[in-house]
Structures are given as structure tokens and as C-alpha cells.
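Before any comments, here is the structure.
The values are calculated or read from the model by the stated rules, or taken from the named source; none is laboratory data. Note that the structure is a prediction, hence the values are computed from the model and not measured. Every residue, glycine as well, gets a Cβ built from its backbone with ideal geometry; the counts of neighbours run over all protein chains shown.
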Amino acid sequence: MIRPAIQSMTGYQPGEQPRRGKVIKLNTNENPYPPSPRVVEAIRQAAEAGLQKYPDPMAGAFRLRAAEVLADDLPQITPEWILCGNGSDDILTILTRTFVGEGDLLRYPKPSYVLYKTLADIQGAQVDVVDFQADWQLGERFTAATDRLRLAFVANPNSPSGTVLSVAEVAKLADSLPCPLVVDEAYVDFAEANCLSLVGENPSVIVTRTLSKSYALAGLRFGYCVAQPQVIEQLVKVKDSYNCDALSIAAATAAIDDQAWLKQNCEKVLATRARMADAFKDKGFVITDSQANFVWCTHESRDLKQLYEDLKSAGILVRYMSYDGWPEGIRVSVGTDDQVDACLAML
Ligand SMILES: *Cc1c(COP(=O)(O)O)cnc(C)c1O
């Protein structure tokens, strides 16, 4: 009695999360540094205040603080423009469930975040996968009006390439598409620009964010999206009533409140990223110009699956990825300088 759509799907395979042993973990783009100390203090206080009551279903404290922080990029924003989730994957699920029904079409680029396919599969929906051009831009094919097209995803910066579409380019995509466009900005704090302003101009643009990467809180599970209030109102009907717990709401609010920490952390990560890119090039890898906290490396002659295995045996975990029709590659997260040096020495 399992739905055929579920029985026939493979399911998302998260990157390896070793639970024991000493591993240099550069495979799932976590932040190598601890979060703002205010986060731990906020969790302690929330726990002491007691957990016997249900949390605020809308995570109001976070929405209030986030609206103030995000007003730099989107002056019209109020808490009503924000929906919080149990990680941004939860937000992506809510969006897919809201817009895409059985037999409908979900569009996204390739190579990109593999979860988008899983979300379509769960709905029993079809996917329309559009290859990036050689320069990691998207052509007109991405905005083609296709029967039953209900939603489009674009990760910007993209994973695994770390490349970006300009804000003007994303605006053009949103204007040309016959359906809403979700801009997945999981890595945007490491990039030069973001698309928040487009949400004010176009009700079809939805921006998703996460605290997992730039705020160093992947273990906490907190993400959010920004959209016009009439869109948020619909999304609220789809989410779990209490999709964010009291501890994560307190922690996420403290995290977004500490913008000085964020700025410092991003500066450290960007400095190491630049050094990594140069070092990988020196070793003969082909590198894309990354605006995220990882570097995508391909190689003209080396067997990268074997290289991934060899690094793993040496206690260094990177992400090996192979997309049909594309050269295989390894995606290496920006670690601490020591972690990166260990990886380079092994290479
Ligand atoms: C990591 C990542 C996410 C998910 O983030 P969570 O908030 O941890 O669920 C979403 N999109 C992309 C492209 C990512 O790389």
C-alpha cells in the first residue's frame, strides 16, 4: 500500500557523517569554526526557562530580529515576509508541497543540489532538468513555458560549482518564467551579492536561507524563506504546526543578532578559500570561481573517485560527485587552515 511514487524513488543520500574516529571533514560544507558564543548562552537560557510548553509556532522572536537585519537588502520587509523551518530543507519541502502536485513539473539546473529531485519524487511530480551552459550560466531554455510547470529552483551560489548568476540575471529568469522561482541562497553569505531585493519587486520570487553554513549551526536545524506576505500566508498552512523547537528558535535568534561574528567568520573562510583555489590549481586541478564555502575541482586525467577513496583512507573526507554528462569532480569544503593544509599535503 506504499504509494508507487515512493516505492520507485531512491531517496536522498546525505553526505557521509562519520560518528566516530578522527576525520578531517571537508565533505558537507559545514563551517569549521564554532558559532557565536551568544548561541550557546541562548540555548542554556531557553532550556532553563523550561521546555514543557510548545514553542511559538511562527518563531516570532527570530522573524522580528531577522526582519531588522534583512532590511538592509529589502527595506519593505516585516516579520510577515519570513517563514522559519527546521533547516532550509524543511522550507524547500514546504515550497514543493505548496506548489507542485502529482504529475506537475518542477524545473532546476544540473549539476546542482540533488535534493530537488527527491522533493519532486515524493510529490509524484516530473522533473525538467536544464543543463548549465559551459560558463555556468542558464540559457533561455530555463524559462521556457512548459505545460504543468509549477515551480523552479535555482541554488545561487550553486552547489557543487560555487558559481553565481548575477542578480540581474536572476531577475530576468524570474520575469520570464511562467511559475514562481525559488532562489536557494544557502551559501549567499560567502558571495558578493544576494537576491533579496527581487522579492520586493516580484511576488514570484522566494529566497531561502539557512543557518547551517555561514552561521556554523548545521547541527541545530534552522532555515527560513523570504517571500511576499500573501505567499507566506499560504506556506504556513503546509508546514508542521511546530516545525521549529524552542531551543533552535532561541539559538537562531541569537545567531542572526550577532552580525559582527558572521562578518568575521566569513572573512576567515574567504581568505582560506582563496588560498585553496590557488593551491588546487597549482596541483593541476581545474577550479570554478567559487563564491561559496567550498571549491569544485575537476581534473583532466586523474581518477577522482580513486582520489576520494585515497583521501578517505587517510582520514580526509571530501565529496565525490558525478553527474550524468558532466566531468566527475570532488567538492572540498573550506576548513580551517590546518585542515586544508593536511588535505593539500596528502594530495
Ligand atoms: C546545505 C544546503 C541546504 C540545506 O540546508 P539546511 O538548512 O541544513 O537544510 C539547502 N540548499 C543547498 C544548496 C545546500 O547546499
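The condition (being within 16 Å of the ligand (Cβ to nearest atom), free of Cβ contacts under 8 Å to residues at least 60 places away in the same chain and touching a Gly at 6+ places or on another chain (Cβ under 9 Å)) is satisfied by just one residue among Thr93, Thr118: Thr93. Note on region 288-303: residues that are surrounded by fewer than 20 Cβ atoms within 10 Å (Cβ to Cβ) and without any contact (Cβ under 8 Å) to a residue 60 or more places away in the chain total 6. With respect to the conditions (1) touching a helix residue (DSSP H, G or I) at 6+ places or on another chain (Cβ under 8 Å); (2) in a helix (DSSP H, G or I); (3) not aliphatic (A, V, I, L, M), Gln291 falls short on a single one, namely (2). Comparison of Ala279, Ala255, Ala251 shows that the only residue that is surrounded by fewer than 19 Cβ atoms within 10 Å (Cβ to Cβ) and part of a helix (DSSP H, G or I) is Ala279. For Thr93, the criteria (1) under 30 Å from Pro203 (Cβ atoms); (2) outside the structural domain of Cys244 (by TED's automatic domain parsing); (3) buried (at least 17 other Cβ atoms within 10 Å of the Cβ); (4) not charged (D, E, K, R) hold in every case but one, which is (2). Of the candidates Glu80, Glu48, the single residue that is surrounded by fewer than 22 Cβ atoms within 10 Å (Cβ to Cβ) and free of Cβ contacts under 8 Å to residues at least 60 places away in the same chain is Glu48.
Listed by position, the strands (runs of 3 or more DSSP E) contained in region 123-242 that have at least 2 residues being charged (D, E, K, R) and in the same structural domain as Ile82 (by TED's automatic domain parsing) are 126-131.
With respect to being touching a residue at least 24 places away in the same chain (Cβ under 8 Å), in contact with a Lys or Arg (Cβ under 7 Å, 6 or more places away or on another chain), away from the ligand (no atom under 16 Å from the Cβ) and of a type in the set (Val, Ile, Thr), Val100 fits the description. Restricting attention to region 201-225, the residues that are within 12 Å of the ligand (Cβ to nearest atom), touching a helix residue (DSSP H, G or I) at 6+ places or on another chain (Cβ under 9 Å) and over 19 Å from Phe153 (Cβ atoms) total 8. In region 1-28, the residues that are in the same structural domain as Ser333 (by TED's automatic domain parsing) reach residues that are at pLDDT below 90 with C-beta atoms within less than 6 angstrom, at least six apart or across chains, in these pairs: Asn27/Gly15; Thr28/Gly15.
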